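Just below is one structure, and these are the notes that go with it.
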Amino acid sequence: MNLSTIKLLYGIFTGVAAIASVIFLLLPTTKNDLKQKEASEPSNLDIMKLTTKLFFTKKSILISIGSAHSGILLCFWSGIFPTAVAFTQKLGDGFEKSTIIALTVLFTGLGQLSGGIILTILNLKFQSCKREIIVTTSTICQLIAYSIVFFTFPAIASLDKTDEIGFISPR
């Protein structure tokens, strides 16, 4: 992409965001909002105490762990892995880097989609199985994928361009 295209895209997105903000500000307030404003509001300190108390319940901690795990996965597969592919110079001799990165993102998405479909089908087909088996299966698949990435790419690949190879050399 050239600079003028990038500026055009940023301009369009900024304009749409500004229009949406103006529309949001012009929305009328409802009667319920006015009644709530008249009621006594708790202090910020009380709200923080209640929020902290709510966070340390069993359900909140469990959902926080799941959300953190999902966030780490998303960061790895959408940020670190494509960067490692782009910075590894020995990978894909004879191909443009943009083509390799596009294929990487495409096949990563297809892998996530097919993994979700396969695990959903297995869950429906074997409903007598416990969820722990499905979770264990997906965890093993993730560990295998991370191991393959670890052995394929050099350690510096996600930080800087490198001519090094991982434990397994590409062909």
*Is it the case that Phe95 is surrounded by 10 or more Cβ atoms within 10 Å (Cβ to Cβ), at pLDDT below 85 and aromatic (Phe, Trp, Tyr)?*
yes
*How many residues are surrounded by 11 or more Cβ atoms within 10 Å (Cβ to Cβ), more than 26 Å from Phe107 (Cβ to Cβ) and either within 19 Å of the chain's Cα centre (by Cα) or in contact (Cβ under 8 Å) with a residue 12 or more places away in the chain (or both) when one looks only at the range 58-89?*
2
*Across the range 101-119, which residue is farthest from Ala145 (Cα to Cα) among those that are surrounded by 13 or more Cβ atoms within 10 Å (Cβ to Cβ) and of a type in the set (Val, Ile, Thr)?*
Ile101
_Qualifying residue in the range 97-117 (condition: assigned to a helix (DSSP H, G or I), out of contact with any helix residue (DSSP H, G or I) (no Cβ under 9 Å at 6 or more places or on another chain) and basic (Lys, Arg))_ = no
*Would the range 35-48 turn up any residue that is among the small types (Gly, Ala, Ser), without any contact (Cβ under 8 Å) to a residue 24 or more places away in the chain and at positive phi?*
no
*Looking only at the range 145-171, count how many residues are surrounded by fewer than 10 Cβ atoms within 10 Å (Cβ to Cβ) and either in contact with a Pro (Cβ under 6 Å, 6 or more places away or on another chain) or among the aliphatic types (A, V, I, L, M) (or both).*
0
*May I ask you to list the residues in the range 23-57 that are at pLDDT 80 or above, part of a helix (DSSP H, G or I) and surrounded by 10 or more Cβ atoms within 10 Å (Cβ to Cβ)?*
Asp46, Ile47, Met48, Lys49, Leu50, Thr51, Lys53, Leu54, Phe55
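The values are calculated or read from the model by the stated rules, or taken from the named source; none is laboratory data. Quick caveat, the model's predicted, so the values are computed rather than measured. Backbone-built Cβ (ideal geometry, glycine too); neighbour counts: all protein chains shown.
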